[in-house]
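In what follows, a structure is listed as structure tokens, so that the remarks can point back to it.
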Amino acid sequence: MNGEEIVRLCLEHTLYPWSATAAVHPLPIVRAEGLYMYTADGRRILDFASQLMCVNIGHSHPRVVEAMKRACDGLLFVHPGTATEMRARLAERLARICPGDLDVFFFTLGGAEANENAIRAARLFTGRPKILSRYRSYHGGTNAAMQLSGDPRRWANEPGMPGVIRVMDPWPYKYSFGTDPAEITRNNLTYLEEVIDYEGPHTIAAMIIESVVGTNGILVPPPGYLHGLKELLSRHGILLICDEVMSGFGRTGKLFGFEHGDIVPDIVTMAKGLTSSYVPLGAVGVSRRIGDHFRDNVFWGGLTYNAHPFCLAVADAVLDVLLDEGLIENAARLGPVMQSEMENLAARHPSVLAHRNIGLFGMVELRRDSRGTPLAPFNGSHPAMARFHQALLDAGLYTLGRWNNFMTNPPLSIDEAELRHGFAIIDRALGVVDEVFEG
């Protein structure tokens, strides 16, 4: 098919996520290699978002492609009640590389499903019904995960699972708990403990957080927050679930984002980078004490494709690349380079409101005036954002944008020259946003 036919048939016969089909203008992508994807008409586009912050090792890595071909000659599928070599191999490997006593795993097909099973495990383990979550969060598009999310995408999906209590993040959207990071941490945790008191700590099974908030802002926890949060929850017998679906597997310059806070959660969820999204796979990792609970008590969960042997084999190959080729270390090394490039954008463009990153996990916010008014309101849009993203595509760069921000999350295999090249394209494209800036 040519590109026009691909797009026409996709729009005629498929639905697109979070979109009205008539408003979608998809790129016809025919292949992707390394840092780049290629359209049907031969255009090469730098992937500055790792698709959905998931293709961590880059596209079509030859070592993984060869491993996938070998896996096709092996065991393709058996039901999840069986034992397989790949299930044994990957679980043991994750137990070795995960911090602390996170060494029992339940394999799913994605992050949302992992989060659903994480809260199921927490409720079964504690015997408590409620789950705490935060407003500036996204945990997936399935029923329970959607309600755990504070993201506006849940609005059209309500009402959903009961028992979720949402609280403010240490970094609220409009208001602040203070200006000093220590004060912000202290005030937010004081507020959180008051909520816990009101709800009754004996009714709360767990709190789920993104270790580093993803699509709702790339929000790095203030110093001391994760440590203080873990201590507060533990004092009340409440489990901490860290959603590492987006921030895990090297994105932040460490294997998991929570490692920056020097803690180990009771439960961790993962997906995306686990297979670099070459195939669907997610996992729930639980501490040994929770794992031991389910040796004598039924875990009431499971789907046909849990612990799919082919997907597990791909994950093992992806981990080989991630660890052998030093991609986590590369993300840590290039984090300061990304920060300096963002600082250059802020110095050159009045439309830049704010920027932040940790490793190769970054975001830039845009404004419309010198008072700092966001270019687009919360859950809103502005015509200049569409022109900006079109200018990026025309210049050969793809990234994600939302409301008044855009993301800078390339594959962890990027080098410094390509990273700076991507920011040079962004630098030129920001001119269309500066045009609407009201000085």
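The values are calculated or read from the model by the stated rules, or taken from the named source; none is laboratory data. Bear in mind that the values here come from a model prediction, so they are computed numbers and not experimental data. Here Cβ is always computed from backbone atoms with ideal geometry, including for glycine, and neighbour counts include all displayed protein chains.
Numerical summary
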| item | result |
| --- | --- |
| Selection count where residues are among the hydroxyl-bearing types (Ser, Thr, Tyr) and under 30 Å from Gly372 (Cβ atoms), scope the stretch 295-352 | 2 |
| Ile328 of a type outside the set (Gly, Ala, Ser), farther than 14 Å from Ile209 by Cβ and more than 21 Å from the chain's Cα centre (by Cα) | no |
| Candidates Asn344, Asn330, Asn357, Asn379, filtered to the one that is touching a residue at least 40 places away in the same chain (Cβ under 8 Å) and in a loop (DSSP other than H, G, I, E, B) | Asn379 |
| Residues located in the stretch 124-164, provided they are in contact (Cβ under 8 Å) with a residue 24 or more places away in the chain, among the aromatic types (Phe, Trp, Tyr) and either part of a loop (DSSP other than H, G, I, E, B) or surrounded by fewer than 22 Cβ atoms within 10 Å (Cβ to Cβ) (or both) | Tyr135, Tyr138 |
| Residue in the stretch 180-192 that is part of a loop (DSSP other than H, G, I, E, B), out of contact with any strand residue (DSSP E or B) (no Cβ under 7 Å at 6 or more places or on another chain), more than 13 Å from Ser133 (Cβ to Cβ) and free of Cβ contacts under 8 Å to residues at least 40 places away in the same chain present | yes |
| Hits in the stretch 262-289 (condition: outside any loop (DSSP other than H, G, I, E, B) and either buried (at least 22 other Cβ atoms within 10 Å of the Cβ) or outside the structural domain of Phe107 (by TED's automatic domain parsing) (or both)) | Ile267, Val268, Thr269, Met270, Lys272, Gly273, Leu274, Gly282, Ala283, Val284, Gly285, Val286 |
| Criterion: within 25 Å of Leu281 (Cβ to Cβ), surrounded by fewer than 24 Cβ atoms within 10 Å (Cβ to Cβ) and of a type outside the set (D, E, K, R) - qualifying residue of Thr190, Thr215, Thr203 | Thr215 |
| Residues being among the polar types (S, T, N, Q) and at positive phi - total across the stretch 39-70 | 3 |
| Qualifying positions in the stretch 382-412 - part of a loop (DSSP other than H, G, I, E, B) and either at negative phi or crowded, with 18+ Cβ neighbours inside 10 Å (or both) | His382, Ala395, Thr399, Leu400, Trp403, Asn404, Asn409, Pro410, Pro411, Leu412 |
| Test: residue in the stretch 350-364 that is in contact with a helix residue (DSSP H, G or I) (Cβ under 9 Å, 6 or more places away or on another chain) and of a type in the set (Ser, Thr, Tyr) | yes |
| Which numbered condition His293 misses (of (1) buried (at least 20 other Cβ atoms within 10 Å of the Cβ); (2) farther than 19 Å from Met86 by Cβ) | (1) |
